[in-house]
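Structure first, commentary second.
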């Protein structure tokens with residue numbers, strides 16, 4: 001979802017038309033098995049980012065920074081307790097904080113018939 005918000009112009013038109021967003025965002029991708037990270041700048045390294053985050057059991061987006069000035073745009077919990085404990089124990093629910101509006105992607109209205117359950 002963070003990719004769609006901060007790098008997909010088909011989802012977030014502001015990436016193209018808003019001068020504050022036009023320089024793109026840098027994604028910090030964490031390798032949860034090796035406990036290493038790599039920073040990839042979009043749109044220039046979009047394909048590399050997609051290749052990594054497509055392997056969801058190993059690579060996750062930890063943070064998103066605005067390329068223009070390095071301000072944090074999003075931060076997500078990335079620890080997988082199942083990798084620490086050796087099995088899923090039901091306590092690794094993710095958390096994510098995302099900045100929006102004024103120099104960041106705008107909020108979008110959810111469709112009324114969207115089933116979130």
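The values are calculated or read from the model by the stated rules, or taken from the named source; none is laboratory data. The model shown is predicted, which means the values in this text are computed figures rather than measured ones. A quick note on method: Cβ atoms are made from the backbone with ideal geometry, for glycine too, and the neighbour counts reach across all protein chains shown.
A compact table of results
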item: Pairs with Cβ under 7 Å, 6+ apart, first in segment 97-117 and under 15 Å from residue 70 (Cα atoms), second at pLDDT 85 or above and assigned to a loop (DSSP other than H, G, I, E, B); result: none
item: Single unsatisfied condition, residue 96 versus (1) touching a helix residue (DSSP H, G or I) at 6+ places or on another chain (Cβ under 8 Å); (2) at pLDDT 70 or above; (3) surrounded by 14 or more Cβ atoms within 10 Å (Cβ to Cβ); result: (3)
item: Residue among 31, 39 that alone is modelled with pLDDT of 90 or more, within 19 Å of residue 3 (Cβ to Cβ) and surrounded by 14 or more Cβ atoms within 10 Å (Cβ to Cβ); result: 31
item: Near pairs, Cβ below 7 angstrom, 6+ apart or cross-chain, from segment 44-67 (touching a residue at least 60 places away in the same chain (Cβ under 8 Å)) to any residue that is buried (at least 17 other Cβ atoms within 10 Å of the Cβ); result: 64/2; 64/6; 64/25; 64/27; 64/73; 64/74
